[in-house]
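The values are calculated or read from the model by the stated rules, or taken from the named source; none is laboratory data. Note that the structure is predicted; figures quoted are calculated from it, not measured. With ideal geometry, Cβ positions are generated from the backbone for all residues, glycine too; neighbour counts draw on all protein chains shown.
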Amino acid sequence: METHDSTRVLVIMPAWNEAESVGDTVREVLGVGRAYDVLVVNDGSTDDTAELAAAAGATVLNLPFNLGVGGAMRAGFKYAQRTGYRRVIQVDADGQHDPEHIEEVLAGLNHADISIGARFADKGAYKVSGPRKWAMQFLAKVISGLAKTRLTDVTSGFRAANERAISQYLDHYPAEYLGDTIDSLVVAIRSGCSVTQIPVAMRPRQGGTPSHNPLKAAIYLGRSVFALLFALTRKRSHITSGHIAVEGTS
Amino acid sequence: MGNLAAFILSLAIVGVVVEMLRRKKLREKYAALWLVVGTGTLILAAFPSLLTIVTQFVGVQLPSNLLFIISILLLLGVCLHLSWEISVVEDETRTLAEEVAILRALVEQQAAANPANGDTSNTTTSK
């Protein structure tokens, strides 16, 4: 295995057909000039996401087929654990997360296992409305109660984890819808990981807009409640201080 | 002789399952169920009066109703079992995909770190 300074941070970027933005985002993260290594998890893209990411200086994990964000992230966590990274952070490939904020979100790991870069915490112009907003507020309320700390944006994809959280994630990180956000977070909290949030401003996505269709929002609410209920009844993971055994079926 | 037809049909089912097992086209854990179903129909076809006795015993009005309810429950069970099996298989595939991706990345890193390595080992083995 590769050896490196254990203070380096692995920036994990799940990417599925993100050829438009992935190159710029990788260059931007590396351009911040800190001890970051970028790992782009190419989630079965059919465009040249992998080549562009590699050309921009990222390590690329090529999944042979599409697994979804949860699948891509677990592959990233596995890579991080095997190559000895002690801190990782998930950053979206679409340029929504400002690389300048990575250090702030990582600072949250000083007093917690998981640090979330939150969009609604009175910073930035990110706004959603209607049923989708209620769904997000409801989820935030429930999960805040579990975590015993105020969380306002539990579905944020801007999340950092330390070694303890990585071990827990490897035990439970579903590839299902919302598995990468709600499910994994709830089970991590119930397994004893502590969570904190750092307010950050989000930039508009480079491609695509969040939908405001009420029907879609209602479906989103239903699915998130479903995911939440399951997560609340799941088995906790055993976390032994550093690494846990994650052999066989998880 | 409707009974003869039923008997031949169930005999054919059992025969096909055994043959598939023999050719390793069917794993034993799936075959067990079908063998049980096949033997059950064989017995019923041989002794149709058994069904009437069981029907009276359970308190169902028509023998055919009992047969239908048993078949539906059985098929439901099979469907559930297959859904469960495929979830297990998908989970295993996911783990394999992750492993393959990580191994490929590590191999490519090593190849990039010492590009001469592959060539020299090739020339020594070709001697």
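Yes or no: residue A:72 surrounded by fewer than 20 Cβ atoms within 10 Å (Cβ to Cβ) and among the aliphatic types (A, V, I, L, M)?
Working: surrounded by fewer than 20 Cβ atoms within 10 Å (Cβ to Cβ): no; among the aliphatic types (A, V, I, L, M): yes.
Criteria not met by residue A:72.
Every residue, every condition in (1) aromatic (Phe, Trp, Tyr); (2) over 21 Å from residue A:177 (Cβ atoms); (3) at pLDDT 90 or above, yes or no:
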{"position": "A:68", "(1), (2), (3)": "no, no, no"}
{"position": "A:72", "(1), (2), (3)": "no, no, yes"}
{"position": "A:85", "(1), (2), (3)": "yes, yes, yes"}
{"position": "A:108", "(1), (2), (3)": "no, yes, yes"}
{"position": "A:115", "(1), (2), (3)": "no, yes, yes"}
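Which pairs do you get when a residue that is under 12 Å from residue A:223 (Cα atoms), found in region A:131-142, comes within reach of a residue that is among the small types (Gly, Ala, Ser) and surrounded by 19 or more Cβ atoms within 10 Å (Cβ to Cβ), reach meaning Cβ atoms under 8 angstrom, with the pair 6+ apart or on two chains?
Within 8 Å, the pairs are A:132/A:217; A:135/A:217; A:135/A:224; A:139/A:224.
Of the residues in region A:4-52, how many are within 17 Å of the chain's Cα centre (by Cα) and among the polar types (S, T, N, Q)?
Our first condition is that a residue be within 17 Å of the chain's Cα centre (by Cα); within region A:4-52, this holds for A:9-16, A:18, A:22, A:25-26, A:29, A:36-43.
Still in the running and among the polar types (S, T, N, Q): A:25, A:42.
Within region A:4-52, residues that are within 17 Å of the chain's Cα centre (by Cα) and among the polar types (S, T, N, Q) number 2.
Just give me the residues in region A:6-63 being surrounded by fewer than 19 Cβ atoms within 10 Å (Cβ to Cβ), in contact (Cβ under 8 Å) with a residue 60 or more places away in the chain and in a loop (DSSP other than H, G, I, E, B), in sequence order.
Within region A:6-63, A:6, A:7, A:8, A:32, A:34 meet the criteria.
Tell me which helices (runs of 4 or more DSSP H) are completely within region A:126-205 and hold 2 or more residues being in contact with a Phe, Trp or Tyr (Cβ under 9 Å, 6 or more places away or on another chain) and within 13 Å of residue A:73 (Cβ to Cβ), or say none if there are none. Before the answer, list the steps.
Details: elements: A:131-147, A:163-171, A:184-190.
Hits in region A:126-205: A:163-171, A:184-190.
Matching residues to (1) within 14 Å of the chain's Cα centre (by Cα); (2) of a type outside the set (A, V, I, L, M, F, W, C):
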{"site": "B:3", "(1), (2)": "no, yes"}
{"site": "B:27", "(1), (2)": "yes, yes"}
{"site": "B:32", "(1), (2)": "yes, no"}
{"site": "B:38", "(1), (2)": "no, yes"}
{"site": "B:41", "(1), (2)": "no, yes"}
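Is it true that some residue in region A:91-101 is within 19 Å of residue B:106 (Cα to Cα), of a type in the set (Gly, Ala, Ser) and away from chain B (no Cβ under 14 Å)? Write out each step before concluding.
To start, the set of residues in region A:91-101 that are within 19 Å of residue B:106 (Cα to Cα) comprises none.
Within region A:91-101, not a single residue is within 19 Å of residue B:106 (Cα to Cα), of a type in the set (Gly, Ala, Ser) and away from chain B (no Cβ under 14 Å).
Of all residues in region B:23-39 being touching a residue at least 24 places away in the same chain (Cβ under 8 Å) and either touching a Cys at 6+ places or on another chain (Cβ under 9 Å) or not aliphatic (A, V, I, L, M) (or both), which is farthest from residue B:77 (Cα to Cα)? Break it down into steps so the answer makes sense when it comes.
Just the residues of region B:23-39 that are touching a residue at least 24 places away in the same chain (Cβ under 8 Å), to begin with: B:33, B:37-39.
Subsequent filtering for residues that are either touching a Cys at 6+ places or on another chain (Cβ under 9 Å) or not aliphatic (A, V, I, L, M) (or both) retains B:38-39.
Numbers: B:38: 16, B:39: 18 Å.
Applying the filter and picking the extreme gives B:39.
Out of all the residues in region B:50-109, which are under 31 Å from the mean Cα position of the chain (by Cα), surrounded by 15 or more Cβ atoms within 10 Å (Cβ to Cβ) and small (Gly, Ala, Ser)?
B:97, B:101
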